[in-house]
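Participant: Pasting in a structure now, in structure tokens, and then I'll have a few things to ask.
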Amino acid sequence: MKRVEPRLIGYVLKRYPRLSETFILNEIRALERLGTELRIFSLMRVEGSLTHPTVREVQAPVTYFPARWFAMVLAALKAHAEMAAWAPSRYLHAILLALWWSVRSRRPLSVWKQFLRSAYVASGCRRHNIRHLHARFANAPATVARLAGVMCDLPYSFTTHAKDLYLTPRKVLRRRVASAKLVLTCTRHNLEYLRSFARSEDLGKIHLVYHGIDLAEFTPPQTASEPVANAGNDEDAPLILSVGRLVPKKGMADLLSALHLLSRRGVQFRSLIVGEGPLRGQLEAQIGDLGVGHRVTLLGAMAHDRLVRLYEQASLFVLAPHVAEDGDRDGIPNVLAEAMAAGVPVVSTSVSGIPELLEDGQTGLLVPPRDTEALANAIARLIEDAVLCRRLAVAGRRRIEGGFECWETAKALQKLLPAGAAA
């Protein structure tokens, strides 16, 4: 009997692994467990020393560009020479595409940067018998996957999330959707946005697949009479936890203002904010100006195993995203689902896809974005109502079990990918 070769999928990522992209790591682990063979192409090398322990479970080999600039350029030029010699007509097609895109782009140098990368990925696809390329994010990774696919005559698909979706011009996205075999996104809000400007003949290729959580990492909430809000705390003051990059769309400044209001009202609490980013200096100054330094601590970036233990100590979890001035926004922040999986009652804002996860008063509390008084009131409500905390914690866990478990979301993804499993 003739042996059927496995259909290997190349995963194109901007940077792998990355602390803030647990959802991608969960997806890769789940797909591999379901029998999908992957090879990862990371356009950039690992940043920092912190990684998730579960990275060790990933079997897929990772192709990186050489670390040194000179070696990277030489490797890219060698790959371009290889692809030009192997498939000159397809290579010429890729050059013409890049030329056309650069003429129409506000950032032509970025187009040529992705073109330089694309032959390196294409060369890897040729060597490793890749049959389909899937890019995570609709910006640089999708551009590289498209050009590499042209050079190798391979179909490609991409998943779009938040910043890459809302900061990419619609005309560019329309073109990428048209050229892709399949387009995935992680919220219904995103799905409706994409379908609002995609060509009618492309609507059927756009699909919703939520990010998944590995529930095995999280302890279910208590169901006994002991209030969840007091579970695991050695101190009397409730612990308010928030996790996110320190960037405008995460609303950390709004959270600090809300915590200041609570402090002025005499509400007892302590708060830990996990994450790093360009706004750290501003937030430290705001903490000092508001006089809440004795209650609020910025912890910086944290490996996921430590973060899971911190969820277990939290009385409630708060994140206050909003749409930033440049249009950037979250989809469904992964940390909200993680907190719910850990049985922590959650307060967040009704922005983007968050209401798809949180139903106000049922699986969490929702307030309008940028409304610091409403945010403070919702936090105070949970601190004062242990029964409500317990009910939301249990309902939140069930919500994750019912639609955001990574092994189930990976099954949905595997069915959609054109080469989603071993043949």
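The values are calculated or read from the model by the stated rules, or taken from the named source; none is laboratory data. This is a predicted model, so every value here is computed, not measured. Heads up, the Cβs are rebuilt from the backbone with ideal geometry, glycines too, and the neighbour counts pull from every protein chain shown.
Participant: Identify the single condition in (1) farther than 30 Å from residue 217 by Cα; (2) modelled with pLDDT of 95 or more that residue 62 does not satisfy, given that it satisfies every other one.
Facilitator: Only one criterion in (1) farther than 30 Å from residue 217 by Cα; (2) modelled with pLDDT of 95 or more is unmet by residue 62, namely (1).
Participant: Another question, then. Which residue is farthest from residue 54 (Cα to Cα), if the candidates are limited to the stretch 275-304 and must be free of Cβ contacts under 8 Å to residues at least 24 places away in the same chain and not hydrophobic (A, V, I, L, M, F, W, C)? Can you show your working first?
Facilitator: Applying the first criterion (free of Cβ contacts under 8 Å to residues at least 24 places away in the same chain) to the stretch 275-304 yields 281, 284-285, 288-289, 293-294.
Pick out the ones that are also not hydrophobic (A, V, I, L, M, F, W, C) and you get 281, 284, 288-289, 293-294.
Numbers: 281: 31, 284: 32, 288: 37, 289: 40, 293: 34, 294: 35 Å.
Checking each candidate, the answer is 289.
Participant: Can you tell me which residue within the stretch 368-412, out of those that are part of a helix (DSSP H, G or I) and touching an Asp or Glu at 6+ places or on another chain (Cβ under 7 Å), is surrounded by the fewest Cβ atoms within 10 Å (Cβ to Cβ)?
Facilitator: If we take residues in the stretch 368-412 being part of a helix (DSSP H, G or I) and touching an Asp or Glu at 6+ places or on another chain (Cβ under 7 Å), then 372 is surrounded by the fewest Cβ atoms within 10 Å (Cβ to Cβ).
Participant: Looking only at the stretch 8-29, count every residue that is among the polar types (S, T, N, Q) and out of contact with any Lys or Arg (no Cβ under 7 Å at 6 or more places or on another chain) and tell me the total.
Facilitator: Keep residues of the stretch 8-29 that are among the polar types (S, T, N, Q), which gives 20, 22, 26.
Still in the running and out of contact with any Lys or Arg (no Cβ under 7 Å at 6 or more places or on another chain): 22, 26.
Within the stretch 8-29, residues that are among the polar types (S, T, N, Q) and out of contact with any Lys or Arg (no Cβ under 7 Å at 6 or more places or on another chain) number 2.
Participant: Which residue, of 352, 315, is in contact with a strand residue (DSSP E or B) (Cβ under 9 Å, 6 or more places away or on another chain) and among the polar types (S, T, N, Q)?
Facilitator: None of the other options fit; the residue is 315.
Participant: Looking for something among the charged types (D, E, K, R), in contact with a Ser or Thr (Cβ under 8 Å, 6 or more places away or on another chain), at pLDDT 95 or above and not assigned by TED's automatic domain parsing to the domain that holds residue 168 - is there at least one such residue anywhere in the stretch 288-306? I'd like the intermediate steps shown before the answer.
Facilitator: Looking only at the stretch 288-306, we keep the residues that are among the charged types (D, E, K, R), and these are 289, 295, 305-306.
Checking which are in contact with a Ser or Thr (Cβ under 8 Å, 6 or more places away or on another chain) leaves us with 295.
Retained after the next criterion (residues that are at pLDDT 95 or above): 295.
Filter once more, so that each one left must be not assigned by TED's automatic domain parsing to the domain that holds residue 168: 295.
Yes, the stretch 288-306 contains at least one residue that is among the charged types (D, E, K, R), in contact with a Ser or Thr (Cβ under 8 Å, 6 or more places away or on another chain), at pLDDT 95 or above and not assigned by TED's automatic domain parsing to the domain that holds residue 168.
Participant: Please specify each residue of the stretch 172-194 satisfying the condition of being under 27 Å from residue 108 (Cα atoms) and aliphatic (A, V, I, L, M).
Facilitator: Residues satisfying the conditions are 172, 173, 177, 178, 180, 182, 183, 184, 194.
Participant: Report every pair of residues separated by at least 6 positions or lying on different chains whose Cβ atoms are under 7 Å apart, first residue within the stretch 81-94 and assigned by TED's automatic domain parsing to the domain that holds residue 154, second surrounded by fewer than 16 Cβ atoms within 10 Å (Cβ to Cβ).
Facilitator: Correct list of pairs: 90/153.
Participant: Continuing with this model, one more query. Looking at (1) of a type outside the set (Asp, Glu); (2) touching a residue at least 60 places away in the same chain (Cβ under 8 Å); (3) in contact with a strand residue (DSSP E or B) (Cβ under 6 Å, 6 or more places away or on another chain), which is the one condition that is false for residue 272?
Facilitator: Single failed check for residue 272: (2).
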